[in-house]
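The values are calculated or read from the model by the stated rules, or taken from the named source; none is laboratory data. What you see is a predicted model, and the numbers here were worked out from it, not measured in a lab. Cβ placement follows ideal geometry from the backbone for every residue including glycine, while neighbour counts extend to all protein chains displayed.
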């Protein structure tokens, strides 16, 4: 008997799978856990994805709504080939990093006030991270268990951004750095990641006006790096 497939079920499956992987990690998550959370039979899950590897791949690809969902005729999602998940993460990282205002600023001379440029860079970084918060949280949670993801995420991803931020800080000689440029760069990145990604899974999270976060971070971080007397 063919397993039940439903285009309406797939978005729910992706969302629940992402939350389950984030809560338990890759190895501890079982297909039955996801089925139970959905309130369906395990066979229904297998009707949409071939196995747990395929489920993780679907969560990474679709949970943020960055890519269009597959149609019913494309289900079940097949299991990724060796290295395919790492390639997916690397491709998305490359595309998003390449479009960052930060990258543009590093490769071009400054146009306009330094305060406005730095504020725009931080706001754009935060918004980019927030747009991919589920996949970032997924990779961050599961990378330690999956070496192919760890190599991409902790190398090309986090470390790569720190390198670019460090270069920017070193190029803008007018900035007043309170410490070594790599340390300042890492602080900027981790502060943005904390607010754009991790606090959305904080069980003790306090109500915050999410619309106010980007400007608040930009103002706070920019003010700390500008020379005294510079208007923000």
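Worth a mention:
- Failed item in (1) surrounded by 13 or more Cβ atoms within 10 Å (Cβ to Cβ); (2) assigned to a loop (DSSP other than H, G, I, E, B), with residue 179 passing the rest: (1)
- Some residue of the stretch 145-155 being at pLDDT below 95 and outside any helix (DSSP H, G or I): yes
- For the residues 38, 56, 75, the requirement of being crowded, with 18+ Cβ neighbours inside 10 Å and at pLDDT below 95 singles out 75.
- Matching entry among 194, 226 (being at pLDDT 90 or above and closer than 17 Å to residue 118 by Cα): 226
- Residue 13 buried (at least 17 other Cβ atoms within 10 Å of the Cβ) and over 17 Å from the mean Cα position of the chain (by Cα): yes
- Members of the stretch 143-163 found to be surrounded by fewer than 19 Cβ atoms within 10 Å (Cβ to Cβ) and over 25 Å from residue 26 (Cβ atoms), listed by number: 163
- Scanning the stretch 78-93 for residues that are part of a loop (DSSP other than H, G, I, E, B) and crowded, with 17+ Cβ neighbours inside 10 Å returns a single hit, 80.
- For the stretch 87-110, filtering for residues that are within 14 Å of the chain's Cα centre (by Cα) and under 19 Å from residue 60 (Cβ atoms) leaves 10.
- From the list 66, 14, 40, the one residue that fits, being under 21 Å from residue 198 (Cα atoms), in a loop (DSSP other than H, G, I, E, B) and in contact (Cβ under 8 Å) with a residue 24 or more places away in the chain, is 66.
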